[in-house]
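The values are calculated or read from the model by the stated rules, or taken from the named source; none is laboratory data. Since the structure is predicted, the reported quantities are computational estimates derived from the model, not experimental observations. As a convention, Cβ positions derive from the backbone with ideal geometry for all residues, glycine included, and neighbour counts pool all protein chains shown.
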Amino acid sequence: MGSDLDAGPLMKPLLLALDGETLSNPPWWLMRQAGRYLPEYRQVRAKARDFIELCSSPALAAELTMQPVRRYGMDAAILFSDILMIPHALGQGLAFREGEGPVLEPIESHSDLARLDSDRAIARLEPIFETVTRVRGVLGPQTALIGFAGSPWTVATYMVEGGASRDFRRVKSWAYRDLEGFGALIELLVERTAEYLVAQISAGAEVVQLFDTWAGILPEAAFERWVIEPTRRIVAKLKSKFPNCPIIGFPRSAGVLYKRYVLETGISAIGLDPTVPTDYTTNDLQPLATVQGNLDPVLLMVGGKALEDAVTELRRLLGQRPWIFNLGHGVLPQTPPENVEVLARLLSEPLLP
Ligand code: CP3
(Lines give C-alpha, C1' and ligand atoms only; values in the text may rest on other atoms or scores of the structure.)
Protein backbone atom coordinates (compact mmCIF):
# COMPACT_ATOMS: atom_id res chain seq x y z
CA MET A 1 0.00 0.00 0.00
CA GLY A 2 2.28 2.68 -1.40
CA SER A 3 0.28 5.64 -0.21
CA ASP A 4 0.88 4.63 3.36
CA LEU A 5 4.66 4.63 3.02
CA ASP A 6 5.01 8.36 3.45
CA ALA A 7 3.06 8.28 6.66
CA GLY A 8 5.72 6.09 8.26
CA PRO A 9 4.98 2.86 10.07
CA LEU A 10 1.30 2.43 10.81
CA MET A 11 1.87 0.91 14.20
CA LYS A 12 4.23 1.53 17.07
CA PRO A 13 7.11 -1.00 17.12
CA LEU A 14 6.17 -2.32 20.56
CA LEU A 15 2.61 -3.01 19.39
CA LEU A 16 3.89 -4.70 16.23
CA ALA A 17 6.02 -7.08 18.28
CA LEU A 18 3.06 -7.78 20.56
CA ASP A 19 1.04 -8.48 17.43
CA GLY A 20 3.51 -11.25 16.53
CA GLU A 21 5.90 -9.46 14.17
CA THR A 22 9.64 -10.06 14.24
CA LEU A 23 11.55 -6.78 13.92
CA SER A 24 15.21 -6.55 12.89
CA ASN A 25 15.81 -4.10 15.72
CA PRO A 26 13.78 -5.28 18.70
CA PRO A 27 11.53 -2.75 20.40
CA TRP A 28 12.76 -2.14 23.94
CA TRP A 29 11.99 -0.68 27.33
CA LEU A 30 13.28 -1.47 30.80
CA MET A 31 11.44 -2.50 33.93
CA ARG A 32 12.03 0.26 36.49
CA GLN A 33 13.34 2.53 33.75
CA ALA A 34 12.41 5.50 35.93
CA GLY A 35 14.12 5.60 39.29
CA ARG A 36 17.08 6.30 41.46
CA TYR A 37 19.80 5.60 38.86
CA LEU A 38 18.71 8.82 37.10
CA PRO A 39 19.86 12.14 38.61
CA GLU A 40 16.73 13.86 37.30
CA TYR A 41 14.61 11.30 39.22
CA ARG A 42 16.48 11.96 42.45
CA GLN A 43 15.92 15.67 41.94
CA VAL A 44 12.13 15.33 41.62
CA ARG A 45 12.05 12.73 44.42
CA ALA A 46 13.72 15.19 46.81
CA LYS A 47 10.89 17.66 46.25
CA ALA A 48 8.07 15.29 47.27
CA ARG A 49 7.25 14.42 50.88
CA ASP A 50 7.29 10.70 50.16
CA PHE A 51 7.08 8.11 47.42
CA ILE A 52 3.29 7.69 47.68
CA GLU A 53 2.88 11.41 47.15
CA LEU A 54 4.98 11.10 43.97
CA CYS A 55 2.75 8.33 42.65
CA SER A 56 -0.38 10.32 43.55
CA SER A 57 0.64 13.55 41.88
CA PRO A 58 -0.23 13.47 38.17
CA ALA A 59 2.19 16.28 37.28
CA LEU A 60 5.16 14.68 39.06
CA ALA A 61 4.31 11.10 38.06
CA ALA A 62 3.88 12.11 34.41
CA GLU A 63 7.23 13.89 34.50
CA LEU A 64 8.91 10.79 36.02
CA THR A 65 7.28 8.53 33.42
CA MET A 66 8.73 10.68 30.64
CA GLN A 67 12.25 11.16 32.03
CA PRO A 68 13.84 7.93 30.73
CA VAL A 69 11.95 8.13 27.42
CA ARG A 70 13.23 11.66 26.77
CA ARG A 71 16.78 10.65 27.63
CA TYR A 72 16.99 7.32 25.80
CA GLY A 73 14.06 7.03 23.38
CA MET A 74 12.68 3.70 24.55
CA ASP A 75 9.81 2.24 22.52
CA ALA A 76 7.54 2.37 25.55
CA ALA A 77 6.85 4.55 28.54
CA ILE A 78 5.66 2.72 31.63
CA LEU A 79 3.35 4.56 33.98
CA PHE A 80 5.23 5.77 37.04
CA SER A 81 3.45 4.25 40.01
CA ASP A 82 3.81 1.16 42.20
CA ILE A 83 2.11 -2.22 42.57
CA LEU A 84 1.43 -1.35 46.22
CA MET A 85 -0.90 1.53 45.34
CA ILE A 86 -3.72 -1.06 45.39
CA PRO A 87 -3.22 -2.01 49.09
CA HIS A 88 -2.81 1.71 49.78
CA ALA A 89 -6.13 2.44 48.04
CA LEU A 90 -7.73 -0.40 50.00
CA GLY A 91 -6.86 1.55 53.13
CA GLN A 92 -4.03 -0.68 54.32
CA GLY A 93 -1.39 1.46 56.03
CA LEU A 94 1.67 1.73 53.72
CA ALA A 95 4.96 3.57 54.06
CA PHE A 96 8.16 3.46 52.04
CA ARG A 97 11.08 3.81 54.41
CA GLU A 98 14.52 4.89 53.24
CA GLY A 99 16.68 1.82 52.64
CA GLU A 100 14.01 -0.53 54.02
CA GLY A 101 11.52 -0.83 51.22
CA PRO A 102 7.77 -0.92 51.75
CA VAL A 103 6.20 -1.44 55.17
CA LEU A 104 2.50 -2.36 55.51
CA GLU A 105 0.21 -3.13 58.46
CA PRO A 106 -0.12 -6.86 57.86
CA ILE A 107 -3.44 -8.56 57.05
CA GLU A 108 -3.30 -11.93 58.76
CA SER A 109 -6.65 -13.65 58.57
CA HIS A 110 -10.04 -13.71 56.92
CA SER A 111 -11.48 -11.41 59.59
CA ASP A 112 -8.85 -8.74 58.75
CA LEU A 113 -10.38 -8.40 55.28
CA ALA A 114 -13.20 -6.41 56.88
CA ARG A 115 -10.62 -3.65 57.49
CA LEU A 116 -10.16 -3.18 53.75
CA ASP A 117 -12.32 -0.57 52.08
CA SER A 118 -12.74 -2.33 48.76
CA ASP A 119 -15.67 -0.28 47.43
CA ARG A 120 -13.90 3.03 47.25
CA ALA A 121 -10.47 1.76 46.21
CA ILE A 122 -10.71 2.50 42.49
CA ALA A 123 -12.04 6.04 43.08
CA ARG A 124 -9.00 6.72 45.27
CA LEU A 125 -6.71 5.78 42.37
CA GLU A 126 -8.14 8.55 40.18
CA PRO A 127 -4.86 10.60 40.18
CA ILE A 128 -3.12 7.62 38.57
CA PHE A 129 -5.62 7.55 35.70
CA GLU A 130 -5.03 11.28 35.31
CA THR A 131 -1.29 10.57 35.01
CA VAL A 132 -1.96 8.01 32.27
CA THR A 133 -4.02 10.52 30.28
CA ARG A 134 -1.39 13.23 30.65
CA VAL A 135 1.43 10.97 29.49
CA ARG A 136 -0.55 9.67 26.54
CA GLY A 137 -1.07 13.28 25.50
CA VAL A 138 2.64 14.08 25.31
CA LEU A 139 4.11 10.78 24.02
CA GLY A 140 5.63 10.72 20.57
CA PRO A 141 3.81 8.82 17.79
CA GLN A 142 6.19 5.83 17.94
CA THR A 143 6.14 5.30 21.70
CA ALA A 144 3.60 3.06 23.40
CA LEU A 145 2.21 3.61 26.89
CA ILE A 146 2.24 0.65 29.28
CA GLY A 147 -0.02 0.54 32.33
CA PHE A 148 0.49 -2.05 35.04
CA ALA A 149 -0.55 -3.72 38.25
CA GLY A 150 0.87 -6.32 40.56
CA SER A 151 -0.66 -9.76 40.30
CA PRO A 152 -3.00 -10.78 43.14
CA TRP A 153 -0.47 -13.32 44.48
CA THR A 154 2.47 -10.91 44.59
CA VAL A 155 0.39 -8.07 46.04
CA ALA A 156 -1.00 -10.49 48.64
CA THR A 157 2.54 -11.45 49.70
CA TYR A 158 3.24 -7.82 50.62
CA MET A 159 -0.18 -7.38 52.26
CA VAL A 160 0.25 -10.45 54.46
CA GLU A 161 3.98 -10.32 55.19
CA GLY A 162 3.81 -6.57 55.83
CA GLY A 163 6.70 -5.94 53.43
CA ALA A 164 9.51 -7.84 51.81
CA SER A 165 10.12 -11.37 53.08
CA ARG A 166 12.83 -13.98 53.10
CA ASP A 167 10.76 -17.18 53.37
CA PHE A 168 7.14 -16.02 52.87
CA ARG A 169 6.05 -18.21 55.73
CA ARG A 170 3.08 -16.09 56.80
CA VAL A 171 1.47 -15.78 53.40
CA LYS A 172 2.19 -19.40 52.48
CA SER A 173 0.85 -20.71 55.80
CA TRP A 174 -2.38 -18.81 55.34
CA ALA A 175 -2.67 -19.95 51.70
CA TYR A 176 -2.08 -23.61 52.62
CA ARG A 177 -4.15 -23.64 55.82
CA ASP A 178 -7.22 -21.69 54.79
CA LEU A 179 -8.07 -21.98 51.09
CA GLU A 180 -11.34 -20.18 51.56
CA GLY A 181 -10.13 -17.25 53.67
CA PHE A 182 -7.00 -16.63 51.60
CA GLY A 183 -9.09 -17.25 48.48
CA ALA A 184 -11.33 -14.35 49.56
CA LEU A 185 -8.31 -12.00 49.63
CA ILE A 186 -7.21 -13.18 46.18
CA GLU A 187 -10.77 -12.83 44.89
CA LEU A 188 -10.96 -9.26 46.14
CA LEU A 189 -7.62 -8.51 44.44
CA VAL A 190 -8.74 -10.13 41.17
CA GLU A 191 -11.81 -7.87 41.08
CA ARG A 192 -10.04 -4.64 41.99
CA THR A 193 -6.97 -5.32 39.83
CA ALA A 194 -9.13 -5.98 36.77
CA GLU A 195 -11.08 -2.75 37.37
CA TYR A 196 -7.86 -0.86 37.98
CA LEU A 197 -6.39 -2.03 34.66
CA VAL A 198 -9.64 -1.37 32.80
CA ALA A 199 -9.51 2.20 34.12
CA GLN A 200 -5.87 2.58 33.02
CA ILE A 201 -6.72 1.35 29.52
CA SER A 202 -9.73 3.69 29.39
CA ALA A 203 -7.44 6.56 30.40
CA GLY A 204 -4.98 5.83 27.58
CA ALA A 205 -2.76 2.83 28.36
CA GLU A 206 -2.16 0.80 25.17
CA VAL A 207 -0.65 -2.28 26.82
CA VAL A 208 -0.76 -3.55 30.40
CA GLN A 209 1.71 -5.66 32.32
CA LEU A 210 0.97 -7.83 35.34
CA PHE A 211 4.01 -8.02 37.63
CA ASP A 212 4.18 -11.33 39.46
CA THR A 213 7.53 -10.89 41.17
CA TRP A 214 6.96 -13.76 43.62
CA ALA A 215 5.33 -16.28 41.27
CA GLY A 216 8.42 -18.47 41.49
CA ILE A 217 8.20 -19.41 45.17
CA LEU A 218 5.19 -21.72 44.87
CA PRO A 219 4.97 -25.48 44.25
CA GLU A 220 3.00 -26.42 41.15
CA ALA A 221 -0.42 -26.98 42.73
CA ALA A 222 -0.28 -23.65 44.59
CA PHE A 223 1.11 -21.94 41.47
CA GLU A 224 -1.92 -23.17 39.56
CA ARG A 225 -4.34 -21.96 42.23
CA TRP A 226 -2.80 -18.62 43.22
CA VAL A 227 -0.90 -17.54 40.09
CA ILE A 228 -2.46 -19.11 36.99
CA GLU A 229 -6.12 -19.02 37.99
CA PRO A 230 -6.30 -15.39 39.23
CA THR A 231 -4.27 -14.25 36.21
CA ARG A 232 -6.58 -16.14 33.87
CA ARG A 233 -9.60 -14.42 35.42
CA ILE A 234 -8.06 -10.95 35.13
CA VAL A 235 -7.09 -11.61 31.51
CA ALA A 236 -10.63 -12.80 30.72
CA LYS A 237 -12.14 -9.67 32.28
CA LEU A 238 -9.80 -7.37 30.33
CA LYS A 239 -10.31 -9.27 27.07
CA SER A 240 -14.09 -8.99 27.41
CA LYS A 241 -13.82 -5.18 27.58
CA PHE A 242 -10.75 -4.58 25.39
CA PRO A 243 -10.19 -7.61 23.13
CA ASN A 244 -7.28 -5.93 21.35
CA CYS A 245 -5.31 -4.61 24.29
CA PRO A 246 -2.16 -6.73 24.76
CA ILE A 247 -1.44 -8.06 28.26
CA ILE A 248 2.12 -8.94 29.26
CA GLY A 249 2.46 -11.43 32.12
CA PHE A 250 5.67 -11.56 34.16
CA PRO A 251 5.65 -14.61 36.46
CA ARG A 252 9.22 -14.09 37.68
CA SER A 253 11.27 -17.22 38.40
CA ALA A 254 8.48 -19.58 37.32
CA GLY A 255 11.02 -21.94 35.71
CA VAL A 256 9.44 -24.72 33.66
CA LEU A 257 6.00 -23.49 34.80
CA TYR A 258 6.37 -20.56 32.37
CA LYS A 259 4.87 -22.78 29.70
CA ARG A 260 1.74 -23.65 31.69
CA TYR A 261 1.38 -19.97 32.58
CA VAL A 262 1.39 -18.97 28.90
CA LEU A 263 -0.93 -21.76 27.79
CA GLU A 264 -3.46 -21.44 30.59
CA THR A 265 -3.73 -17.71 31.42
CA GLY A 266 -4.43 -16.34 27.93
CA ILE A 267 -1.86 -13.54 28.24
CA SER A 268 -0.54 -12.06 24.98
CA ALA A 269 3.15 -11.88 25.84
CA ILE A 270 5.43 -13.28 28.49
CA GLY A 271 8.11 -11.50 30.51
CA LEU A 272 11.17 -13.64 31.26
CA ASP A 273 13.49 -13.42 34.23
CA PRO A 274 17.26 -13.69 33.58
CA THR A 275 17.44 -17.40 34.45
CA VAL A 276 15.15 -18.57 31.62
CA PRO A 277 17.46 -20.36 29.14
CA THR A 278 17.35 -19.12 25.55
CA ASP A 279 16.80 -22.57 24.03
CA TYR A 280 13.76 -23.11 26.28
CA THR A 281 12.55 -19.65 25.23
CA THR A 282 12.94 -20.25 21.49
CA ASN A 283 11.65 -23.85 21.52
CA ASP A 284 8.90 -23.73 24.13
CA LEU A 285 7.75 -20.14 24.54
CA GLN A 286 8.25 -18.12 21.34
CA PRO A 287 5.99 -20.45 19.30
CA LEU A 288 3.21 -19.62 21.80
CA ALA A 289 3.60 -15.90 22.49
CA THR A 290 5.80 -12.84 22.06
CA VAL A 291 8.52 -12.94 24.69
CA GLN A 292 10.02 -10.02 26.61
CA GLY A 293 13.37 -10.00 28.38
CA ASN A 294 15.71 -11.08 29.71
CA LEU A 295 19.11 -9.44 30.18
CA ASP A 296 20.48 -9.73 33.71
CA PRO A 297 20.17 -6.22 35.27
CA VAL A 298 23.66 -6.66 36.70
CA LEU A 299 25.06 -6.78 33.15
CA LEU A 300 23.53 -3.37 32.49
CA MET A 301 25.14 -2.12 35.69
CA VAL A 302 28.53 -3.64 34.74
CA GLY A 303 28.54 -2.32 31.17
CA GLY A 304 31.53 -2.65 28.84
CA LYS A 305 32.26 -5.76 26.83
CA ALA A 306 30.19 -8.01 29.09
CA LEU A 307 27.12 -5.92 28.27
CA GLU A 308 27.86 -5.71 24.54
CA ASP A 309 28.44 -9.44 24.19
CA ALA A 310 25.31 -10.36 26.14
CA VAL A 311 23.09 -7.99 24.13
CA THR A 312 24.48 -9.30 20.82
CA GLU A 313 23.96 -12.89 21.95
CA LEU A 314 20.34 -12.20 22.97
CA ARG A 315 19.67 -10.51 19.63
CA ARG A 316 21.09 -13.53 17.77
CA LEU A 317 19.08 -16.04 19.77
CA LEU A 318 15.76 -14.36 20.57
CA GLY A 319 15.70 -11.87 17.69
CA GLN A 320 14.62 -14.44 15.09
CA ARG A 321 11.08 -14.54 16.49
CA PRO A 322 8.65 -12.08 18.15
CA TRP A 323 10.61 -10.43 20.94
CA ILE A 324 10.70 -7.27 23.04
CA PHE A 325 14.07 -6.49 24.57
CA ASN A 326 13.97 -5.85 28.32
CA LEU A 327 15.88 -6.73 31.44
CA GLY A 328 14.93 -9.84 33.38
CA HIS A 329 14.10 -7.63 36.37
CA GLY A 330 14.27 -3.91 37.23
CA VAL A 331 17.14 -1.48 36.58
CA LEU A 332 19.42 -1.44 39.62
CA PRO A 333 19.81 1.97 41.33
CA GLN A 334 23.63 1.60 40.99
CA THR A 335 23.43 1.46 37.17
CA PRO A 336 25.52 4.18 35.48
CA PRO A 337 23.14 6.16 33.23
CA GLU A 338 25.76 6.02 30.42
CA ASN A 339 25.31 2.25 30.21
CA VAL A 340 21.68 2.70 29.20
CA GLU A 341 22.88 5.06 26.47
CA VAL A 342 25.22 2.29 25.25
CA LEU A 343 22.35 -0.21 25.35
CA ALA A 344 20.14 2.12 23.28
CA ARG A 345 22.90 2.36 20.66
CA LEU A 346 23.51 -1.41 20.60
CA LEU A 347 19.83 -2.09 20.02
CA SER A 348 19.50 0.46 17.23
CA GLU A 349 22.50 -0.84 15.25
CA PRO A 350 22.03 -3.52 12.58
CA LEU A 351 22.95 -6.99 13.81
CA LEU A 352 26.05 -8.11 11.90
CA PRO A 353 25.92 -11.65 10.51
O1 CP3 B 1 9.08 0.42 35.91
C2 CP3 B 1 8.91 1.63 36.13
O3 CP3 B 1 9.76 2.50 35.90
C4 CP3 B 1 7.55 2.05 36.64
C5 CP3 B 1 7.43 2.22 38.04
C6 CP3 B 1 7.44 1.03 38.98
C7 CP3 B 1 7.90 1.16 40.32
N8 CP3 B 1 7.67 -0.03 40.96
C9 CP3 B 1 8.48 2.39 40.91
C10 CP3 B 1 9.22 2.32 42.19
C11 CP3 B 1 6.99 -0.28 38.82
C12 CP3 B 1 6.46 -0.96 37.57
C13 CP3 B 1 7.13 -0.93 40.08
C14 CP3 B 1 6.72 -2.33 40.31
C15 CP3 B 1 6.97 -2.93 41.62
N16 CP3 B 1 6.92 -2.34 42.85
C17 CP3 B 1 7.19 -4.31 41.82
C18 CP3 B 1 7.21 -5.38 40.74
C19 CP3 B 1 8.49 -5.41 40.00
C20 CP3 B 1 9.67 -5.78 40.83
O21 CP3 B 1 10.55 -4.90 40.98
O22 CP3 B 1 9.73 -6.92 41.31
C23 CP3 B 1 7.36 -4.52 43.21
C24 CP3 B 1 7.63 -5.84 43.88
C25 CP3 B 1 7.16 -3.26 43.86
C26 CP3 B 1 7.18 -2.99 45.31
C27 CP3 B 1 8.24 -2.03 45.69
N28 CP3 B 1 8.25 -0.69 45.38
C29 CP3 B 1 9.40 -2.30 46.46
C30 CP3 B 1 9.79 -3.66 47.01
C31 CP3 B 1 10.09 -1.10 46.58
C32 CP3 B 1 11.34 -0.84 47.40
C33 CP3 B 1 12.57 -1.33 46.78
C34 CP3 B 1 13.18 -0.27 45.92
O35 CP3 B 1 13.64 -0.60 44.82
O36 CP3 B 1 13.24 0.86 46.37
C37 CP3 B 1 9.38 -0.11 45.86
C38 CP3 B 1 9.75 1.32 45.70
C39 CP3 B 1 9.79 1.88 44.32
N40 CP3 B 1 8.90 1.60 43.30
C41 CP3 B 1 10.73 2.83 43.84
C42 CP3 B 1 10.37 3.11 42.50
C43 CP3 B 1 11.03 4.08 41.57
C44 CP3 B 1 11.86 3.44 44.64
C45 CP3 B 1 11.30 4.56 45.47
C46 CP3 B 1 12.36 5.52 45.91
O47 CP3 B 1 12.94 5.27 46.97
O48 CP3 B 1 12.58 6.53 45.22
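Points worth noting:
- Cross-chain or 6+ apart pairs with Cβ under 7 Å, the stretch 150-165 first and more than 11 Å from the ligand (Cβ to nearest atom), then small (G, A, S): W153/A215
- Residue among G91, G8, G2, G20 that alone is more than 9 Å from the ligand (Cβ to nearest atom), over 17 Å from V132 (Cα atoms), modelled with pLDDT of 95 or more and out of contact with any Asp or Glu (no Cβ under 9 Å at 6 or more places or on another chain): G20
- Some residue of the stretch 77-84 being loosely packed, with under 15 Cβ neighbours inside 10 Å, touching a helix residue (DSSP H, G or I) at 6+ places or on another chain (Cβ under 9 Å) and within 22 Å of E191 (Cβ to Cβ): no
- Of the criteria (1) within 13 Å of the ligand (Cβ to nearest atom); (2) of a type in the set (A, V, I, L, M, F, W, C); (3) surrounded by 16 or more Cβ atoms within 10 Å (Cβ to Cβ); (4) more than 14 Å from the chain's Cα centre (by Cα), which one I146 fails: (4)
- Criterion: away from the ligand (no atom under 11 Å from the Cβ), small (G, A, S) and touching a Ser or Thr at 6+ places or on another chain (Cβ under 9 Å) - qualifying residue of A62, A77: A62
- Out of A95, A89, one residue alone is among the aliphatic types (A, V, I, L, M) and surrounded by fewer than 21 Cβ atoms within 10 Å (Cβ to Cβ). It is A95.
- Some residue of the stretch 276-298 being closer than 17 Å to I217 by Cβ and surrounded by fewer than 24 Cβ atoms within 10 Å (Cβ to Cβ): yes
- Top-ranked residue of the stretch 89-110 - restricted to ones that are under 15 Å from V171 (Cα atoms) and without any contact (Cβ under 8 Å) to a residue 60 or more places away in the chain, ranked as farthest from the chain's Cα centre (by Cα): E105
- Matching strands (runs of 3 or more DSSP E) fully within the stretch 241-353 where at least 3 residues are of a type outside the set (A, V, I, L, M) and in contact with a strand residue (DSSP E or B) (Cβ under 7 Å, 6 or more places away or on another chain): 247-251, 290-295, 323-327
- Checking each residue in the stretch 319-341 for being in contact (Cβ under 8 Å) with a residue 60 or more places away in the chain, away from the ligand (no atom under 16 Å from the Cβ) and surrounded by 15 or more Cβ atoms within 10 Å (Cβ to Cβ) picks out G319, R321, P322, W323.
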